[in-house]
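The next block holds one structure in the form of structure tokens; read it before the comments.
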Amino acid sequence: MAEFAGVSVSDISASASGQQPFVAAACFDPGQLRLRLPDSVEIRFDLKTAQVLRLSAVTLLFVTGESKSGNEDKNSFSRALKFEFGTENESRDFCSAVEKCRHGKINGTSEGSLENGTVIVHKSKFDDKIESTSAKMYFHYYGQLLHQQNMLQDYVRTGTYYAAVVENRIDFHGRVVVDVGAGSGILSLFAAQAGAKHVYAVEASEMAEYARKLIDGNPSLRERITVVKGKVEEIDLPEKADILISEPMGTLLVNERMLESYVIARDRFLVSNGKMFPSIGRIHMAPFSDEYLYVEIANKALFWQQQNYYGVNLTSLYGSAFQGYFSQPVVDAFDPRLLVSPPTFHTLNFTNMKEEELYEIDIPLNYTATVGTRVHGLACWFDVLFDGSSVQRWLSTAPGSPTTHWYQLRCVLSQPLYVMAGQEITGRLLLVAHSAQSYTINLTLSVKMWGPGAEQGGILQTSTGKLDLKEPYYRLSQPQPYAWAQDQQQPQQQISSLDLSPQIQDAVDPALMQQSSPNSTAL
């Protein structure tokens, strides 16, 4: 047991005005701090609600929402105590003991010292990675029924999940299931319909209360579903799961960084060789040409070319505004005939990948243009696989397939590239996670020399872009018909919607459908 004797304690709470400092022994139990006073009175503090602020090398401010003494069990009030230690090492050890006791450990050490003015608060792995303001907005958004309705009414999404579950009853019947990020609880209800022994619906937002209501409204299923409010990084479950089910996909598959929580849930709750629905995700990419879109984005910055806007010259900000508009990925549905080469894909295997592999995703790009045109950037979409024992199903967001609420995503370069049919396009797509629950997209596309002697040549043109996946331009238009010049070779002759991804209705061997990027994982 960690114990600090002879600590000088001053109660500086408003209710304790005028009280003199006293000497106490500070002792730690899992989750609690106990102060033993000379007259055998003991005061206990719940460390889950406590904060510690370093005032100086030997002085700490301890603030907690609750306290209980042995003689006043009914009292519950906020306390602010100033602790004075004999040495700096003692104060460091005390800070370390506070943190360890939050997690049920009671052996204090001298690690984890604090700078003056910093605060010790309890943080989970999620809290360490994600800004609190971003997390607050994220859980607020998904705690509203109107947003859950938007996802439920995506019939491609909901229907594919339903089919993947009920057609694979053999995987769910009599099994323990954990629904990661359960939202409204619809996937938990699907699992119960498929005969699950018990389902733990884990949801961190206020939507957990609505999920309970929805589940209670289905008496034949509710006895086998337990709603657990909390983050998968923090909660504990009474048993391991045989199968995980989740809808962790965001725009470009990885936006919102919920895939990391899905992988953490796998490591914490899934039995060895347990199943995951979905088990694999793929990011698909191809260069595209869309003159209309490029002009639309570029024209947004024309406002800043005004030299007399109420007497003010705005032109000094034109360059910044121009680059700013091109830093937004475009989310919409586009015509697959805009692609200038067959797509490649990069695979994420949720069943064995490490969480850290999602912090930075580096994808080399290599294509051969099928038409002479201007390349305006890289088009992206994703699909996921439900690898059931009876039926395999793909959920696809590809252009040319039925549109989902994810649409597709395009990274538009401020400097287009000129290509000829047969010319090689190389590059790199680098996704770097950031604390606002999204990614910075770094895109480079280059056009290599072509024709006789091309292998002796190098790069003719290069264009780069840096985009923030957190701040997309939601264009959300439906694909428009594009007129092609009679003498222009139409990409449709080489690329059809069937070439882009497996169809939702049937499982197709991906190796027969698409060319893989060099670092793609074989399925």
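The values are calculated or read from the model by the stated rules, or taken from the named source; none is laboratory data. Not measured: the values here are computed from a predicted model. Please note: Cβ atoms are built from the backbone with ideal geometry, for glycine as well, and neighbour counts cover all protein chains shown. The area values use the complete protein model at the heavy-atom level, side chains included, leaving out ligands, DNA and RNA. Shrake-Rupley method; radii C 1.70, N 1.55, O 1.52, S 1.80 Å.
Observations, loosely collected:
- Sites ILE12 and GLN144, calculated FRET efficiency, Cβ-Cβ separation with R0 56 Å, nearest 0.05: 0.85
- Scaled against 2.2 N^0.38 Å for its residue count N, the alpha carbon radius of gyration of the stretch 282-417 is 1.33.
- For the stretch 176-267, radius of gyration divided by Kirkwood radius, i.e. Rg to Rh on alpha-carbons: 0.95
- The LYS354 and ALA25 beta-carbon pair, evaluated with R₀ = 41 Å, returns a calculated FRET efficiency of approximately 0.40.
- Legend: distances between Cα atoms for LYS213/LYS470; LYS275/LYS354; LYS129/LYS213; LYS197/LYS231; LYS354/LYS470; pairs beyond 28 Å are LYS213/LYS470; LYS129/LYS213.
- LEU55 exposes around 80 Å² of accessible area when a 1.4 Å probe is run over every protein chain in place.
- Förster radius 35 Å - calculated FRET efficiency between MET449 and ALA298 (Cβ-Cβ, nearest 0.05): 0.80
- Counting only heavy atoms of the protein chains and using a 1.4 Å probe, ARG428 has close to 100 Å² of accessible surface.
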